Amino acid sequence: MKKVPFSSSLTTALLTATLTLLTIQAAIAETLQTRNFRVTVTRNCAEGSVTCNDVTYVGRNRRTGESIRLRGKTLHTLCQDGVTPCRFLGYEFRNGVYRYLVTEDGTLRVYQGQKLILNERGTWQT
């Protein structure tokens, strides 16, 4: 069998492609449909991560078509040790004085400071 020499550029390209495949993070997207909003939440963290501080919110008003894109994180209860994340609660996103909560059970809540200004229950779409 004849050996075929690899060029250094081919070796570099193969190595780069392999490393890229190893570092790809699986983005996990879910869509919540409420009466007035369609919210897509995307977890941009590695698969298997319990917590994620890189979550994207894209919310669209179903009547006006206006949309907003925010960055946020997952929310969890803490285990008895007070450190380890336990039960998943949902997601939190902030936009100035506004705080958006998207809960595991399909509720979209928006607060302006401490005041609840929107509370809509919806269903998660698959």
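FYI, it's all coordinate maths here, none of it is from the lab. What you are looking at is a predicted structure, and each value in this text was computed from that prediction instead of being measured. Please note: Cβ atoms are built from the backbone with ideal geometry, for glycine as well, and neighbour counts cover all protein chains shown.
Laid out as a table, the results:
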item: Cα pair distances in the stretch 25-125, grouped into 10 Å bins until the bin that holds the longest one, percent each; result: 15, 47, 30, 6, 0
item: Calculated FRET efficiency for the pair Phe88/Thr64, C-beta based, R₀ 35 Å, to 0.05; result: 0.65
item: Long-range HN-HN contacts of Gly122 with modeled amide H, under 5 Å; result: Thr107, Leu108
